[in-house]
């Protein structure tokens, strides 16, 4: 068993190949092969977490994604945001979200409140 840290994609590919070979062997728990498989799985998981960070969308992107998922148009957001022009201003990042808008959008679109705490950039004229 020669286990090394995974520093790059080549190391990652090599670790995946070794995991495939070990999985084919179907080692019994407590054997050297099963220990190696377990350690490689942990190293691979840690490398993936570090190499492929997936960030949460900003609040406006989250709203747009949910609109697409729910087949909503801008006019469908009027009950949550205000009038038609206010919806447009929010979606075009001209004005920020108020606390009441956040509450209404979170409840109406079934979005977690945490998504609204991600920073986003307002567009200034």
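The values are calculated or read from the model by the stated rules, or taken from the named source; none is laboratory data. Computed from a prediction, not measured in an experiment: that's the story for all the values here. Here Cβ is always computed from backbone atoms with ideal geometry, including for glycine, and neighbour counts include all displayed protein chains.
In this structure, does residue 5 turn out to be in contact with a helix residue (DSSP H, G or I) (Cβ under 8 Å, 6 or more places away or on another chain) and in contact (Cβ under 8 Å) with a residue 12 or more places away in the chain? For residue 5, the condition - in contact with a helix residue (DSSP H, G or I) (Cβ under 8 Å, 6 or more places away or on another chain) and in contact (Cβ under 8 Å) with a residue 12 or more places away in the chain - is met. Within the stretch 7-59, the set of residues being assigned to a helix (DSSP H, G or I) and either under 30 Å from residue 97 (Cβ atoms) or in contact with a strand residue (DSSP E or B) (Cβ under 7 Å, 6 or more places away or on another chain) (or both) comprises 59 only. Residues in the stretch 76-95 that are in contact (Cβ under 8 Å) with a residue 24 or more places away in the chain and either in a helix (DSSP H, G or I) or not assigned by TED's automatic domain parsing to the domain that holds residue 108 (or both): 77, 79, 80, 81, 90, 91. For the stretch 43-63: of the residues being surrounded by 14 or more Cβ atoms within 10 Å (Cβ to Cβ) and modelled with pLDDT of 90 or more, which is farthest from the chain's Cα centre (by Cα)? Only one residue tops the list, namely 43. Which condition from (1) assigned to a helix (DSSP H, G or I); (2) within 23 Å of residue 118 (Cα to Cα); (3) touching a helix residue (DSSP H, G or I) at 6+ places or on another chain (Cβ under 9 Å) is the one that residue 68 breaks? (3) is the only condition that residue 68 fails. When we screen 56, 49 for residues that are in contact (Cβ under 8 Å) with a residue 24 or more places away in the chain and within 30 Å of residue 7 (Cβ to Cβ), the only hit is 56. Checking the stated criteria, residue 36 turns out not to satisfy the condition of being surrounded by fewer than 13 Cβ atoms within 10 Å (Cβ to Cβ) and either without any contact (Cβ under 8 Å) to a residue 40 or more places away in the chain or in contact with a helix residue (DSSP H, G or I) (Cβ under 6 Å, 6 or more places away or on another chain) (or both). How many residues are surrounded by 13 or more Cβ atoms within 10 Å (Cβ to Cβ) and farther than 16 Å from residue 57 by Cβ when one looks only at the stretch 97-114? Count: 5.
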